[in-house]
1. Is it true that GLU60 is surrounded by fewer than 17 Cβ atoms within 10 Å (Cβ to Cβ), within 24 Å of the chain's Cα centre (by Cα) and on the phi < 0 side of the Ramachandran plot?
2. Counting only residues that are among the charged types (D, E, K, R) and more than 17 Å from LEU387 (Cβ to Cβ), which one in the range 1-48 is nearest to the ligand (Cβ to nearest atom)?
3. I'm told GLU35 meets every condition in (1) surrounded by fewer than 24 Cβ atoms within 10 Å (Cβ to Cβ); (2) under 21 Å from GLY395 (Cα atoms); (3) among the charged types (D, E, K, R) except one. Can you identify the failing condition by its number?
4. Which residues, taken from the range 121-156, are more than 19 Å from ASP190 (Cα to Cα) and part of a helix (DSSP H, G or I)?
5. For the range 238-245, state whether one or more residues are over 22 Å from the mean Cα position of the chain (by Cα), assigned by TED's automatic domain parsing to the domain that holds TYR137 and closer than 21 Å to LEU134 by Cβ.
6. Considering only the range 77-114, state which residues are within 14 Å of the ligand (Cβ to nearest atom), farther than 21 Å from VAL318 by Cβ, β-branched (Val, Ile, Thr) and out of contact with any helix residue (DSSP H, G or I) (no Cβ under 8 Å at 6 or more places or on another chain).
7. Any residue in the range 252-266 that is within 29 Å of GLN140 (Cα to Cα) sitting within a Cβ distance under 7 Å of a residue that is within 13 Å of the ligand (Cβ to nearest atom) and of a type in the set (Gly, Ala, Ser)? List the pairs, counting only those 6 or more apart or interchain.
Amino acid sequence: ATSFDVLIVGGGAAGCAAAASLRKRRPDLAIAIVEPSDKHYYQPAWTLVGAGAFDRARTERPMARVIPKGVRWIRAAAAAFEPERNLVVLEDGGRLAYRTLVVAPGLTLRWNAIEGLAETLGRNGVTSNYLFDLAPYTFQLVQGLRGGRAIFTQPPMPIKCAGAPQKALYLSCDYWRRQGVLSKIEVELDNAGAVLFGVGTFVPPLMKYVEAYGARLAFNSNLKAVDGAKREAHFDVKAADGTVSRVVKPFDMLHVVPPQSAPDFIQASPFADAAGWVDVDQETLRHKRYGNVFSLGDVASAPNAKTAAAVRKQAPVVAENIIAILDGKSPRAIYDGYGSCPLTVEKGKVVLAEFGYGGKLLPTFPLDPAVPRRLAWWLKADFMPTLYFDFMLKGREWLAAPKLLPHEPQARAEDPSLDD
Ligand code: FAD
């Protein structure tokens with residue numbers, strides 16, 4: 001089998017960013033990316049596409065253009081792993097060998113986990129910003145609605161961009177408010193979880209918008225089935241005593257975010273943890289059992305917010321640690337769990353939630369992060385696509401230099417900078 005210094009599975013945000021950070025550090029490494037798709041998607045802007053605030057065409061680029069120069073693109077899908085022999089098995093049966101492996105195929109949207117959904121998606125008022133094809137349909141529905149009931153759903157965690165279900169709600173409500181029809185529309189967020197947002201600091205400013213828009217919050221309400229023709233959504237609603245009952249709600253518009261999990265071939269692999277994600281150390285992003293295997297992005301088990309923002313900080317850590325392994329040293333770069341969720345509370349304003357492990361606030365700017373800002377909308381709509389394509393995917397690690405531990409293990413206790 002052909003062998004590479006670094007073999008990367010997945011050419012999404014994570015795979016391309018890791019390759020770029022590696023090339024930046026060591027241009028002579030033999031790196032390959034296994035990726036079946038000829039298109040690469042900038043998914044964070046789909047929320048804006050669903051609100052008519054971003055051109056969808058700008059979220060799609062040819063894969064050949066985003067794979068970093070000097071990195072070989074193997075246009076195939078990975079199907080299995082043989083880590084004892086350092087091999088990746090492709091769907092066509094081919095095999096590729098590696099010295100180090102990066103597992104980054106993202107996650108799988110489980111549309112079929114909701115009965116009747118796949119048949120009606122894109123019709124009967126049923127949409128989702130989680131698909132390139134459907135984000136424009138969201139805005140079409142929003143524009144067409146003059147009264148009735150709009151339901152937005154949120155599945156059990158973890159999902160990519162946990163704020164996206166409510167972002168769709170806020171931007172839709174803002175449009176209806178501007179059109180003067182909001183009072184004629186019953187708006188509801190059916191959330192399988194029990195909280196509006198996982199980091200408490202951001203709940204009060206979000207609640208202000210929920211109240212201003214007059215939206216109803218239904219917690220512990222999990223979408224299970226959709227009858228498109230009848231325009232009915234079926235929820236499993238969990239009561240305080242744990243009993244679950246089926247509740248049927250009619251809708252005129254339904255924005256669905258499906259349940260999400262690791263891809264099947266990852267869940268079936270020796271790399272999976274009990275929940276199916278790639279079982280990595282949350283600081284070094286190195287696999288807990290296979291020392292020459294790393295993972296980042298949505299598929300990794302690390303308990304950060306699954307976002308492209310997280311990838312921006314993870315990629316330099318993985319690059320640094322892979323080079324250490326190739327040089328026969330220990331990994332020293334540490335990821336703090338940074339992730340970010342720009343909550344688009346209205347058109348023109350964003351609450352820029354940035355936080356790390358344990359919900360620790362990690363704001364990039366010295367401003368109160370709980371305040372909705374125009375600056376943050378500008379960052380989200382104008383700057384972040386540039387940050388993604390021209391910085392992160394090119395190995396330019398702006399404000400993303402990894403924290404390094406000293407080489408000597410005993411020095412760790414003596415270094416006061418590590419005491420926090
Ligand atoms: P992806 O970018 O999804 O890439 C995975 C790649 O792996 C794909 O190219 C796929 O073709 C490939 N692949 C799949 N299977 C295989 C296989 N068998 N073999 C080889 N390759 C394979 N993030 C933010 O930072 N801010 C936001 O505001 C934000 N909003 C979002 C809103 C929406 C609606 C969505 C959908 C996402 C949002 N995100 C946001 C999340 C962000 O897009 C993801 O976290 C990020 O793309 C993860 O990168 P990844 O490389 O792990 O996965």
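The values are calculated or read from the model by the stated rules, or taken from the named source; none is laboratory data. All figures in this text were calculated on a predicted structure; none of them were measured in a lab. Note: ideal-geometry Cβ built from the backbone for every residue, glycine included; neighbour counts use all protein chains shown.
1. On the way: surrounded by fewer than 17 Cβ atoms within 10 Å (Cβ to Cβ): yes; within 24 Å of the chain's Cα centre (by Cα): yes; on the phi < 0 side of the Ramachandran plot: yes.
Yes; evaluated as a whole, the condition is true for this residue.
2. Kept after step one, since they are among the charged types (D, E, K, R), are these residues of the range 1-48: 5, 23-26, 28, 35, 38-39.
Pick out the ones that are also more than 17 Å from LEU387 (Cβ to Cβ) and you get 5, 23, 25-26, 28, 35, 38-39.
Details: ASP5: 19, ARG23: 17, ARG25: 20, ARG26: 21, ASP28: 25, GLU35: 5, ASP38: 10, LYS39: 8 Å.
Checking each candidate, the answer is GLU35.
3. Against the list (1) surrounded by fewer than 24 Cβ atoms within 10 Å (Cβ to Cβ); (2) under 21 Å from GLY395 (Cα atoms); (3) among the charged types (D, E, K, R), GLU35 comes up short only on (1).
4. If the condition is that a residue be more than 19 Å from ASP190 (Cα to Cα) and part of a helix (DSSP H, G or I), then ALA135, PRO136, TYR137, PHE139, GLN140, GLN143, GLY144 are the ones that fit.
5. Going through the range 238-245, the residues over 22 Å from the mean Cα position of the chain (by Cα) turn out to be 238-245.
Imposing the further condition that a residue be assigned by TED's automatic domain parsing to the domain that holds TYR137 reduces the set to 238-245.
Pick out the ones that are also closer than 21 Å to LEU134 by Cβ and you get none.
Looking through the range 238-245, none of the residues is over 22 Å from the mean Cα position of the chain (by Cα), assigned by TED's automatic domain parsing to the domain that holds TYR137 and closer than 21 Å to LEU134 by Cβ.
6. VAL89
7. Here the result reads HIS255/SER128; HIS255/ALA168; VAL256/SER128; VAL257/SER128; VAL257/ALA164, each pair linking the range 252-266 to a residue that is within 13 Å of the ligand (Cβ to nearest atom) and of a type in the set (Gly, Ala, Ser).
A quick yes/no check of all residues on (1) part of a helix (DSSP H, G or I); (2) in the same structural domain as THR127 (by TED's automatic domain parsing); (3) of a type in the set (A, V, I, L, M, F, W, C):
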site: VAL187; (1), (2), (3): no, yes, yes
site: VAL195; (1), (2), (3): no, yes, yes
site: GLY198; (1), (2), (3): no, yes, no
site: VAL203; (1), (2), (3): yes, yes, yes
site: VAL210; (1), (2), (3): yes, yes, yes
site: ALA218; (1), (2), (3): no, yes, yes
